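Participant: Before we start, here is the structure in question, set down as structure tokens.
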């Protein structure tokens, strides 16, 4: 049986780290160094480092977006909410293509290495492994992630052995001249090997299944990018330093060849086994991640609804996983160079969109855009990332552009003939335009969606106080007033809700204030009174930008929470006071309160505040 239920949050830090690193350490290391060395010579070492640094700009931007919106198919989700349905639909389809092609690239590599060890048809073995991981991913993401953890730990151990044994045997003359084909060749190779960092994209795509994403996602992504960049640089340095150029250039088994030079036939077999582990892990993570794009597109009605069905027993999108597996099987018959260039080009575009997405969402003025992690050095990190990634994309060449245009055309046609008529969502870009021009261009639908995402992310359980706030009368006063005037305004609105005459309620409020002031700080007052009757409790919320005159000691009260309830609600009365105290003590409450755009924005500040529930 299936439905559109939420995915389970079962992934922790180790899972995030191993899925990201396992997805990155694959054909990008075990096949591409030979092809990239033919392009740039020993400078390929810097190509991997530059690709890692550029990927880090996108990864940090993606970490911010993913902690603000930890949903399946996250980079698609970001683009959709940032730039609109058309751009989002194309980005989601491109990411699905890219990750599926990268997984197919891994399976092709696995076939190449399998033929060196066992006498079996490589494509047949790759198909069997693909089907196996399709089944594993359907059975559960945690099971697939556990398998990934074991594979990655073994893979790291073998590569560290390769590095430590190989470094003393490197020959400096093989690393000189460092850039025999010019500096431009290093940048061209940077774009070529950029696919090596596609694993970061996969983590964003499974963000909805990460437990405590605000902490785990940025930490896992940061650890993954740092460790893998260092591992790439060290491994490629050893390989370039032990293999003659004639042997290394265009080799499809460069690390295995290096293993033979360093440790003999045992080293060749060990590194070939490590390569197969890497390819298996990349294929596994690729199926896991790519399928979430179909799920996310379907949820937004940009693809047919069957792709968003989640198996109620295993809580996985089984149809999306199966279709992704089918595309990977079909892609096994494409040329290796086509797979690499197409995947790298689309990945670069995705990272550029992540950097742009952070800028658009931050500048849009969306109140409920609340990432648990904020990218450092904003906006310079994003600007450097966009320029650097754009330059590397330019260096890839015409063939890569043609492939990308073809994939974009397929994605666009899918949107035009199916998703266009279904698209009804707001975008942050529209909010940014509205902020600069006409505020009537947007409504509150995107803010409401972001609010629900935050509730899911932070495990906010809606309690009685939340429901009280949702239904509360609220007043946003632009001019300065006195407390007497405020009490009259409040009584007119509260009177029919608490079944008491307005004049009587004004008298009760004034008497309460004369007995003991309800001013709690220079900016906050919480008038709370008990009335006759039973089963009645209400809240009245006020923001006064120019202040409410309560007394000489409190002439500029900006925030008022007014509580009115019967005696039998005394316990909840105390809990409501406690909730208010916790809300106003949240970091940045005063700033957020004064900058909220409207009445619903004021309520959202309270509803999304950190407090005991």
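The values are calculated or read from the model by the stated rules, or taken from the named source; none is laboratory data. Note that the structure is a prediction, hence the values are computed from the model and not measured. As a convention, Cβ positions derive from the backbone with ideal geometry for all residues, glycine included, and neighbour counts pool all protein chains shown.
Participant: Please indicate, with yes or no, whether at least one residue in the stretch 361-370 is crowded, with 23+ Cβ neighbours inside 10 Å, touching a strand residue (DSSP E or B) at 6+ places or on another chain (Cβ under 6 Å) and at pLDDT 80 or above.
Facilitator: For the stretch 361-370, residues crowded, with 23+ Cβ neighbours inside 10 Å, touching a strand residue (DSSP E or B) at 6+ places or on another chain (Cβ under 6 Å) and at pLDDT 80 or above: absent.
Participant: Mind checking which strands (runs of 3 or more DSSP E) fall wholly inside the stretch 507-558 and carry at least 1 residues that are within 17 Å of residue 593 (Cβ to Cβ) and in the same structural domain as residue 490 (by TED's automatic domain parsing)? Outline the logic, then answer.
Facilitator: On the way: elements: 519-521, 528-531, 537-549.
Fully inside the stretch 507-558 and qualifying: 519-521, 537-549.
Participant: When you scan the stretch 43-57, do you find a residue that is in the same structural domain as residue 232 (by TED's automatic domain parsing), touching a residue at least 24 places away in the same chain (Cβ under 8 Å) and farther than 30 Å from residue 256 by Cβ, even just one? Show your work before the answer.
Facilitator: Filtering the stretch 43-57 down to residues in the same structural domain as residue 232 (by TED's automatic domain parsing) leaves 43-57.
Now narrow it down to the ones that are touching a residue at least 24 places away in the same chain (Cβ under 8 Å): 43-57.
Next, only the ones that are farther than 30 Å from residue 256 by Cβ stay: 57.
Within the stretch 43-57, one or more residues are in the same structural domain as residue 232 (by TED's automatic domain parsing), touching a residue at least 24 places away in the same chain (Cβ under 8 Å) and farther than 30 Å from residue 256 by Cβ.
Participant: If you check 450, 486, 475, which single one turns out to be touching a residue at least 60 places away in the same chain (Cβ under 8 Å) and not assigned by TED's automatic domain parsing to the domain that holds residue 554? It would help to see each step written out before you state the result.
Facilitator: Numbers: 486 fails: not assigned by TED's automatic domain parsing to the domain that holds residue 554; 475 fails: not assigned by TED's automatic domain parsing to the domain that holds residue 554.
When all the criteria are applied, what remains is 450.
Participant: Give just the number: which of (1) modelled with pLDDT of 75 or more; (2) buried (at least 20 other Cβ atoms within 10 Å of the Cβ); (3) more than 26 Å from the chain's Cα centre (by Cα) does residue 152 not satisfy?
Facilitator: All conditions pass for residue 152, except number (3).
Participant: Then there is this: How about the stretch 208-221: which of its residues are crowded, with 17+ Cβ neighbours inside 10 Å and within 17 Å of residue 21 (Cβ to Cβ)?
Facilitator: Hits for the stretch 208-221 are 210, 216, 217, 218, 220, 221.
Participant: Can you give me the number of residues within the stretch 158-182 that are exposed (fewer than 12 other Cβ atoms within 10 Å of the Cβ), part of a helix (DSSP H, G or I) and touching a residue at least 40 places away in the same chain (Cβ under 8 Å)?
Facilitator: Residues flagged as exposed (fewer than 12 other Cβ atoms within 10 Å of the Cβ), part of a helix (DSSP H, G or I) and touching a residue at least 40 places away in the same chain (Cβ under 8 Å) within the stretch 158-182 amount to 1.
So that you can scan it fast, the table gives a plain yes or no per residue for (1) at pLDDT below 80; (2) within 25 Å of residue 198 (Cα to Cα); (3) assigned by TED's automatic domain parsing to the domain that holds residue 195; (4) not in a helix (DSSP H, G or I):
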{"site": "256", "(1), (2), (3), (4)": "no, yes, yes, no"}
{"site": "269", "(1), (2), (3), (4)": "no, no, yes, no"}
{"site": "280", "(1), (2), (3), (4)": "yes, yes, yes, no"}
{"site": "296", "(1), (2), (3), (4)": "yes, yes, yes, no"}
{"site": "314", "(1), (2), (3), (4)": "yes, no, yes, yes"}
{"site": "320", "(1), (2), (3), (4)": "no, yes, yes, no"}
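Participant: Taking residue 474 as meeting all but one of (1) in a helix (DSSP H, G or I); (2) in contact with a helix residue (DSSP H, G or I) (Cβ under 6 Å, 6 or more places away or on another chain); (3) modelled with pLDDT of 80 or more, write down the number of the exception.
Facilitator: (1)
Participant: Can I ask one more? Could you check the stretch 6-95 for helices (runs of 4 or more DSSP H) lying wholly inside it with 3 or more residues that are under 14 Å from the mean Cα position of the chain (by Cα), buried (at least 24 other Cβ atoms within 10 Å of the Cβ) and at pLDDT 80 or above?
Facilitator: It comes to 44-68.
Participant: So, of the residues in the stretch 112-131 that are in contact with a helix residue (DSSP H, G or I) (Cβ under 9 Å, 6 or more places away or on another chain) and modelled with pLDDT of 75 or more, which turns out to be farthest from residue 255 (Cα to Cα)? Quick ask: steps written out before the conclusion?
Facilitator: Of all residues in the stretch 112-131, those in contact with a helix residue (DSSP H, G or I) (Cβ under 9 Å, 6 or more places away or on another chain) come to 112-118, 120-127, 129-131.
Narrowing the set further to residues that are modelled with pLDDT of 75 or more leaves 127, 130-131.
Details: 127: 24, 130: 24, 131: 27 Å.
Checking each candidate, the answer is 131.
Participant: Name the one entry in 530, 542, 526, 560 that is farther than 22 Å from residue 458 by Cβ, surrounded by fewer than 20 Cβ atoms within 10 Å (Cβ to Cβ) and in contact with a strand residue (DSSP E or B) (Cβ under 6 Å, 6 or more places away or on another chain). Lay out the reasoning, then the answer.
Facilitator: Numbers: 530 fails: in contact with a strand residue (DSSP E or B) (Cβ under 6 Å, 6 or more places away or on another chain); 542 fails: surrounded by fewer than 20 Cβ atoms within 10 Å (Cβ to Cβ); 560 fails: surrounded by fewer than 20 Cβ atoms within 10 Å (Cβ to Cβ).
Being farther than 22 Å from residue 458 by Cβ, surrounded by fewer than 20 Cβ atoms within 10 Å (Cβ to Cβ) and in contact with a strand residue (DSSP E or B) (Cβ under 6 Å, 6 or more places away or on another chain) holds for just one of 530, 542, 526, 560, which is 526.
Participant: Residue under question is residue 583, and the condition is that it be part of a strand (DSSP E or B) and crowded, with 19+ Cβ neighbours inside 10 Å; does it hold?
Facilitator: no
Participant: Just one of (1) surrounded by fewer than 17 Cβ atoms within 10 Å (Cβ to Cβ); (2) part of a helix (DSSP H, G or I); (3) within 43 Å of the chain's Cα centre (by Cα) trips up residue 462, so point out which.
Facilitator: (2)
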